[in-house]
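A.B. asks: Next up is a structure, given as C-alpha cells.
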Amino acid sequence: MGKINTELAVFVVFLILVVLWGLFIKTPVDTEPTVNNELKACGIYVRFENGTSDSEVETILENYNMNVNYSIEYNNRNMADDYYIMLDKDERDVRRELSEGMKEEKKDWTVSSLSHVVRKGDSYVIAVSEQAVNDKTFLAILEKYDIRLKKSVWCYICFEMPDGTRYWIPEEDAIRIKNEFENNESVFSVHIDYIYDQ
C-alpha cells in the first residue's frame, strides 16, 4: 500500500505543478495577425450642378481641409442620376402632373427615393431617369411649366500618396469631408467610395 500512496502523491504533485504552470505561463493561442475592421475610404463621388467647370471644382476643393493628396476625375461616368430637374417647394402642380403622368404611362421618369431628392434652399433637386430624357410626354410637362432638364457633373476624388499611388483615409475623415461638401450650394450629393477588405 505504501508504494501506491507514494505514486499517487507524486502524481497529485505533478498535476498541481502543471496547473500552476498553465496559470502563470502565457502560451501563444492565436498566431494570426489582428485585423483592423475600420472602414476605409479610397475616394469620394461628388455630384455638382449643371455647368460646373473643372476649374470651379478645383477651386471648391481648395477651400476644404482635405489633409490628403488627391486627384480629380472630372465628369465621371460611373454614377447614375446624370439628369435632374429643380422644382421650387411650392410647385405642387408640377409634381402632381409628373406623378399622374408616370402612372398613366407606367414609366418611372423620376427617382423619388429620399436619397435621390435633394433639398437646396427653397428648391428640390429631383433625379430624372434615363428613359425620361427622350420621353415626349415627360418633356411636354416640363415645357408647360418652363422647367429645364439639366445634366449633373459627377467628379471622383481619388485619395493618393505623393507618388501617385492610391491611398485610403479612415471613414470618420471621409464623413467629415462629405459633410463639408454637402454644405456647398453647387454640390447636390456626395457618396463615399469604400475599400472592402477580404
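A.B. asks: Quick one: would you say N134 is assigned by the TED database to the domain that holds F48, free of Cβ contacts under 8 Å to residues at least 60 places away in the same chain and open to solvent by 20 Å² or more (accessible area, probe 1.4 Å)?
C.D. replies: no
A.B. asks: If E171 satisfies all but one of (1) open to solvent by 70 Å² or more (accessible area, probe 1.4 Å); (2) assigned by the TED database to the domain that holds S71, what's the number of the condition it fails?
C.D. replies: If we test E171 against (1) open to solvent by 70 Å² or more (accessible area, probe 1.4 Å); (2) assigned by the TED database to the domain that holds S71, just (1) comes out false.
A.B. asks: Which of (1) touching a residue at least 24 places away in the same chain (Cβ under 8 Å); (2) surrounded by 12 or more Cβ atoms within 10 Å (Cβ to Cβ); (3) under 26 Å from the mean Cα position of the chain (by Cα) does I147 not meet, given it meets every other one?
C.D. replies: Of the numbered conditions (1) touching a residue at least 24 places away in the same chain (Cβ under 8 Å); (2) surrounded by 12 or more Cβ atoms within 10 Å (Cβ to Cβ); (3) under 26 Å from the mean Cα position of the chain (by Cα), the odd one out for I147 is (3).
A.B. asks: For F188, indicate whether it is of a type in the set (A, V, I, L, M, F, W, C) and either open to solvent by 30 Å² or more (accessible area, probe 1.4 Å) or farther than 26 Å from E91 by Cβ (or both).
C.D. replies: Criteria not met by F188.
A.B. asks: Give me the residue from the stretch 1-39 that is of a type in the set (D, E, K, R) and farther than 30 Å from I169 by Cα and, out of that set, modelled with the highest pLDDT.
C.D. replies: E7
A.B. asks: Looking at the structure I just gave you, is S99 within 18 Å of V187 (Cβ to Cβ), out of contact with any His (no Cβ under 8 Å at 6 or more places or on another chain) and either part of a helix (DSSP H, G or I) or modelled with pLDDT under 80 (or both)?
C.D. replies: no
A.B. asks: Taking the stretch 168-198, which residues are at pLDDT 85 or above and either aliphatic (A, V, I, L, M) or more than 21 Å from R47 (Cβ to Cβ) (or both)?
C.D. replies: W168, I169, P170, E172, A174, I175, I177, V187, V190, I192, I195
A.B. asks: Now a separate question. Would you be able to tell me the number of residues in the stretch 57-96 that are closer than 14 Å to I157 by Cα, outside any loop (DSSP other than H, G, I, E, B) and open to solvent by 80 Å² or more (accessible area, probe 1.4 Å)?
C.D. replies: Residues meeting the conditions: 3.
A.B. asks: When D54 is evaluated against the numbered criteria (1) open to solvent by less than 50 Å² (accessible area, probe 1.4 Å); (2) modelled with pLDDT of 85 or more, which criterion, by number, is the only one it fails?
C.D. replies: Unmet condition: (1).
A.B. asks: Residues in the stretch 168-175: is at least one over 30 Å from V94 (Cβ atoms), of a type in the set (V, I, T) and in a helix (DSSP H, G or I)?
C.D. replies: Within the stretch 168-175 (the criterion being over 30 Å from V94 (Cβ atoms), of a type in the set (V, I, T) and in a helix (DSSP H, G or I)), the answer is yes, since at least one residue qualifies.
A.B. asks: For the subset of the stretch 103-131 comprising residues that are open to solvent by less than 40 Å² (accessible area, probe 1.4 Å) and modelled with pLDDT of 80 or more, which member is farthest from E182 (Cα to Cα)?
C.D. replies: By that ranking, first place goes to S129.
The values are calculated or read from the model by the stated rules, or taken from the named source; none is laboratory data. Since we're looking at a predicted model, the values are computed, not measured. Here the Cβ is made from the backbone with ideal geometry for all residues, glycine too, and neighbour counts use every protein chain on show. The protein model used for the area step is the full one, side chains on, heavy atoms only, and it has no ligands, DNA or RNA in it. Shrake-Rupley method; radii C 1.70, N 1.55, O 1.52, S 1.80 Å.
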